[in-house]
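Heads up, the thing below is written out as structure tokens.
The values are calculated or read from the model by the stated rules, or taken from the named source; none is laboratory data. Bear in mind that the values here come from a model prediction, so they are computed numbers and not experimental data. Glycine gets a Cβ as well: all are built from the backbone with ideal geometry, and neighbour counts include every protein chain shown. Only protein heavy atoms, including side chains, enter the accessible area calculation; ligands, DNA and RNA are left aside. Shrake-Rupley method; radii C 1.70, N 1.55, O 1.52, S 1.80 Å.
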Amino acid sequence: MAPSRLLQEESVPAAPATRPTVESLRGRPRAQVLIVGGGINGVGTFRDLALQGIDVALVERGDYCQGASGASSHMIHGGIRYLENGEFRLVHESVVERNRLLRIAPHYVKPLQTTIPVFSTFSGLLNAPRRFLTHRSGKPQERGALLIKLGLSLYDAFSREGRSVPRHRFVGRKRSLRELPRLRPDVKYTATYFDASVHNPERLTLDVLRDGLEAGAGARAANYVSAVGMHDGVARLRDELTGEEFDFAADVVVNATGAWTDRTNEALGAATRYMGGTKGSHIVLDAPELLAATGGREIFFEHTDGRIVLIYPIGDRVLVGTTDIDAGEDLEPVCTEHEIAYFFDLIQHVFPGLSVSSDQIVYTFSGVRPLPRHDATAPGFVSRDYRIERSARLGNGPVVLSLVGGKWTTFRALSEHLADRVLAELGRERRISTSELPIGGGAAYPSDAEARERWLAYHASGDGATTKDRARAEVLLERYGTRAQDVMAFLSKGDDRPLESTAELSVRELAYMAEHEQIGHLLDVLIRRTSLAFRGLVTTDVLSEIAQELAPLLGWDGERVSAEVDDALRTLAVSHRVQADTLGCVRPEGAVNV
């Protein structure tokens, strides 16, 4: 599932500093291809085209991975539930790509053990064909063991190509409760299989972007730049941090703006009606009892309304989701009290003896899946597959290719297909495949615990050491993959010290992010360069110190620093359900009050 993380990040005063990324576009206002949209699909296509030697530029109106890509369920999966929709091509492609990402992006994509609790044997056998044929759920009817067994057997069959995970297994009630003793006592079976997870989708997106930028001198990308118009066949771009506008010409424009695709096309002068996204929300809990109850597994199941939901341990936090509601025109939604009540209800559905409360929520996020317009089709049955729509040239303008749909798991394959369409428009041929090309810090990533120990020993204390702090090296390896060695080299070339407000960052690492990762706002560090917000580790001291350290790096004056802190507080108030008049309050442990 890939909804959109749009946390209503409010505007702040313009940045006085000139951004090199924007100047690279203004200084050479033309490329063969202009990609609009910096989510994972736009960035993946950017990387692919740059590797083919194409002169390609990308602009994103917010931050990279700020929209749908950043608000996903953090899963890399084949989509077992799409089998009952008849989307066999998508499921096959998804499991192949899941296996592939485990190989080429092992620093961020990890195997995920998933368990389905099953409470009946035969239920759903008659309802499943109706769902398959009509794409309507009708009266919710639980999927029983036979139906789930059939689905998992098909799933295993699709997974044979490039298999990287074990086959599924079914166990009965006694063993199920022995393995997961906090489950509902009337559970009859549990079915366990493996998919994969991506704990840091934002950082993986940045890694893919970095690959594209390093693939060729002509590749350029800038965040906080939007496409606001088209005149005389030339796109009009606006720097969202300064308000300045400029022209940019291209032979092909790729619209990869997800749920915003129709609005982007309208701005470019060719209105469309392709999109019909659905809203998805999640909550993140600091709930040790619930974390222990999951046994380190994702619990994936059907709730009483027929919606497939999940309880998913990520580190020392638990992610719970997700809803599936027609979004309409609201492309910047927030998680509502009604949805939060729904999440607590689904927790009780499988773990009835657990006590979980709203004061354990450390983060919420909500957004819009970039799905096609679906009229009367129920949201859960809208295709998660993708297609590419072509708009012919208008006068001397560029060809516009609009991406409709797409999911996280298939971003590499989707990007390859979209890049091939662009190459055909340009009369060029593919010269390199990305199918087995490691992504960024996934190259030479330690394959097991022993290899990880060797890597850390070499880089933290051995011949290649650029830091003597092993714990710090582990944090950097987790955050950057093997690109951590470049980060550590950067840190060693200046006066580095940890921040006083958090052990997660240092002064020089912030400088590295400012120089190499296009920080536009304080929130970029909290939400998308680190997991501080996701884990509920943001304090007022953290906000203030990071903003003060970024100020000289990004040309912020005192007014801008205050505005950035205020903006971050307002946004995190939404994501933590905090009212503006309580922002001055912090809990004793330092997290923003919820």
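Structure summary
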{"read-out": "Any chance Thr192 is polar (S, T, N, Q), out of contact with any helix residue (DSSP H, G or I) (no Cβ under 6 Å at 6 or more places or on another chain), open to solvent by less than 30 Å² (accessible area, probe 1.4 Å) and at pLDDT 90 or above", "value": "yes"}
{"read-out": "Residue count, segment 301-333 (criterion: touching a residue at least 24 places away in the same chain (Cβ under 8 Å), open to solvent by 50 Å² or more (accessible area, probe 1.4 Å) and over 17 Å from Gly536 (Cα atoms))", "value": "6"}
{"read-out": "Filter pass, Thr434 being in a helix (DSSP H, G or I) and among the hydroxyl-bearing types (Ser, Thr, Tyr)", "value": "no"}
{"read-out": "Condition broken by Val487, with the remaining ones in (1) among the β-branched types (Val, Ile, Thr); (2) open to solvent by less than 20 Å² (accessible area, probe 1.4 Å); (3) over 20 Å from Leu510 (Cα atoms) satisfied", "value": "(3)"}
{"read-out": "Verdict on Leu423 being under 19 Å from the mean Cα position of the chain (by Cα), open to solvent by less than 60 Å² (accessible area, probe 1.4 Å) and in contact (Cβ under 8 Å) with a residue 12 or more places away in the chain", "value": "no"}
{"read-out": "Every residue from segment 240-249 that is assigned to a strand (DSSP E or B) and open to solvent by 10 Å² or more (accessible area, probe 1.4 Å)", "value": "Glu245, Phe246, Asp247, Ala249"}
{"read-out": "Some residue of segment 82-89 being of a type in the set (Gly, Ala, Ser), buried (at least 22 other Cβ atoms within 10 Å of the Cβ), modelled with pLDDT under 90 and part of a loop (DSSP other than H, G, I, E, B)", "value": "no"}
{"read-out": "Given (1) more than 18 Å from the chain's Cα centre (by Cα); (2) open to solvent by 10 Å² or more (accessible area, probe 1.4 Å), index of the condition Ala259 fails", "value": "(1)"}
{"read-out": "Residues that are open to solvent by 80 Å² or more (accessible area, probe 1.4 Å) and either at pLDDT 90 or above or touching a Leu at 6+ places or on another chain (Cβ under 6 Å) (or both), drawn from segment 150-178", "value": "Arg173, Lys174, Arg175, Arg178"}
{"read-out": "Only one of Ser461, Ser433 that is within 30 Å of Ser402 (Cα to Cα) and either of a type in the set (S, T, N, Q) or buried (at least 17 other Cβ atoms within 10 Å of the Cβ) (or both)", "value": "Ser433"}
{"read-out": "Lone qualifier among Phe490, Phe411 - being hydrophobic (A, V, I, L, M, F, W, C), part of a helix (DSSP H, G or I) and farther than 30 Å from Leu34 by Cα", "value": "Phe490"}
{"read-out": "Tally of residues being open to solvent by 20 Å² or more (accessible area, probe 1.4 Å) and hydrophobic (A, V, I, L, M, F, W, C) across segment 212-239", "value": "6"}
{"read-out": "So Gly397, is it surrounded by 18 or more Cβ atoms within 10 Å (Cβ to Cβ) and either modelled with pLDDT of 95 or more or more than 29 Å from His231 (Cβ to Cβ) (or both)", "value": "no"}
